[in-house]
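Trainee: Can you keep this structure in mind? I'll have questions shortly.
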Amino acid sequence: MKHNVFIKAVMLLFAVITFVSCEKFNEDEVVENKEANSTLIVRTRAAANDGTESGTESIISYPINIYVFDESNECVAVSTLSSADDELSLKLPEGMYEVCAVAGASADSYELPTQETATKETVLTLKDGQKHGDLMTANNTVTLEYGGTNTLTLALERKVMLIESVTINNVPASVSNVSVSIHPLKANLLLDGSYSGENGTSKIELTEDIDGSTRKNTDGVYLLEAVGRPTVEVTFTINGETVSYAYTCDRELKANHKVFITGTFTGDGIEMTGSISGVEWAEDEEIVFDFGGMESGETDDNGDVESGDVVQGQAPEAGTLYKGCYVLKSEESETNTVVTLMSPKDFNEWTFDVDDQTSIRSEMNAALLELKIPEISGWRLPTLAELEYIGKEKNYENINDKIKELNESLTDKIKTIQISGNSYFYDDGEIKSYNVVTNRSTTITNGKTSILRAFATLTFTN
């Protein structure tokens, strides 16, 4: 009897264990079902030029590589959209995800990460001999509910600028090679669309045109955006020796701009002038600059800088004089100090046609040549921001008082450097007039009602 009871007890225990095991199996089955019941659909579109999703001006670059990261930052899915007709649909468990998209980066040109190696901070590394393409990125987060379907539209933003063309005219016959370098640039683009590093540089080689005196490159070069106000450097090779002319832009060069560089070597090689026209995908802007320097690209016996405007040494402070020019600003960063100078003289005898920008520009260029200080290159019209700075809170009065103070210790007085009234400036591709006393834009007139004072930007390396 006891034996039968023992057998029944063992059988009952076995049944309980089997039942529990079956229950556990069913729970696992439900988890498996949950993993297959949430759907993420990813679509892409180009962002508008204001960064919103409403624009359609930009054309999306393909292929588009999509990486999906879970809450633990592990990459759980990788896929590629090859054309506008493609749509990505993924089965994922419920939870929160971050989706990163990189457009314009093909496996032929870039070392693309796999699902096993991808992180949001992965650098998009170019393969040897390859160049950047029209890179765009986007990222967004999405929360998936169990059994639901979410559609995520990613607005792709361009992360590069395009050097559309570079042309240098009137190159001397003795020059065997011409190149243009731009630096510093953002060094790397990461998978999540952010940049890293600020020591990037790009060198663009120019080839001889049919006329023999023009060198150009019209291939179109995509570059990551510049760090602040970059330096553009033109280098001539003459009998194996190099001569460089450097210019620091008076504004930043951001991604999503097309840049045209045109320079003309004039006279006996003392000075070079040129222009960079930036075309944002929706708006136009222009930057005008001068290149200058002796053939040797060296300093003269007195230590005066004769080539370009990148200077070694201690930067002057704002409110002081540098080579007879008033220092309007002296802005220090980790790597350099950018100094803004005003010419000691001005010009205000104009005969141009007030309705003809070509006529205005011609007289302005001639006046700049008269106002320049030979040992400093890069003389230009001021920007609106610089004139607004002078007019802000009557800052021009402080500047004039400072100049009066400086004059007391000088034999050669510099009273003509004082600021008042209307001044010409360059903005959005046009020459305009601004009154620093009233802080208002004014109508351009000829005669003597508005003055031109030349400005220059020097970069002192720290």
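A short reminder: the numbers here are calculations on the coordinates, not readings from a lab. Please read all numbers here as calculations on a predicted model, not as lab measurements. With ideal geometry, Cβ positions are generated from the backbone for all residues, glycine too; neighbour counts draw on all protein chains shown.
Trainee: Fewest to most neighbouring Cβ within 10 Å: what's the order for Ser181, Ser330?
Mentor: By the 10 Å Cβ count, ascending: Ser181, Ser330.
Trainee: Using the Karplus curve 6.51 cos²θ - 1.76 cosθ + 1.60 with θ = phi - 60°, what ³J(HN,Hα) values do you get for each residue of the stretch 358-375, in whole Hz, with x for Gly and Pro?
Mentor: After applying 6.51 cos²θ - 1.76 cosθ + 1.60, I find 5, 5, 4, 4, 4, 5, 5, 4, 5, 5, 4, 5, 6, 8, 5, 9, x, 7 Hz.
Trainee: OK, next. By average Cβ neighbour count within 10 Å, what is the ranking of 235-248, 214-227 from highest down?
Mentor: Listed from highest to lowest mean packing, they are 214-227, 235-248.
Trainee: Name the long-range amide H neighbours of Val227: under 5 Å, sequence gap of 5 or more, or other chain; modelled H, no Pro or chain starts.
Mentor: Leu185, Lys186
Trainee: Using amide H atoms built 1.01 Å from N in the peptide plane, name the residues 5+ places from Asp134, or on other chains, whose amide H lies under 5 Å from its own.
Mentor: Correct list: empty.
Trainee: I need to check one value: relative contact order of the stretch 312-462, counting alpha carbon pairs closer than 8 Å and at least 6 residues apart, in percent.
Mentor: 35
Trainee: Could I ask something else about it? Mind checking the dipole of the stretch 143-271: about its Cα centre, +1 per Lys or Arg Cβ, -1 per Asp or Glu Cβ, Debye to the nearest 20?
Mentor: Result for the stretch 143-271 is approximately 260 debye, rounded to the nearest 20.
Trainee: Further question: From the phi angles alone, apply the Karplus equation (6.51, -1.76, 1.60; θ = phi - 60°) to the stretch 322-335 and give each ³J(HN,Hα) in whole Hz, x where the residue is Gly or Pro.
Mentor: 10, 6, x, 9, 7, 8, 6, 9, 9, 10, 9, 10, 5, 10
Trainee: What list of ³J(HN,Hα) values in whole Hz, one per residue of the stretch 65-82 in order, does the Karplus curve 6.51 cos²θ - 1.76 cosθ + 1.60 (θ = phi - 60°) give from phi, with Gly and Pro shown as x?
Mentor: With the stated coefficients, the stretch 65-82 comes to 9, 10, 10, 10, 10, 8, 5, 8, 6, 8, 6, 10, 7, 9, 8, 10, 9, 9 Hz.
Trainee: If you don't mind, there's one more thing I want to ask. Past the 22 Å Cα-Cα mark, which pairs from Lys402/Lys448; Lys345/Lys404; Lys203/Lys323?
Mentor: Pairs exceeding 22 Å: Lys402/Lys448; Lys203/Lys323.
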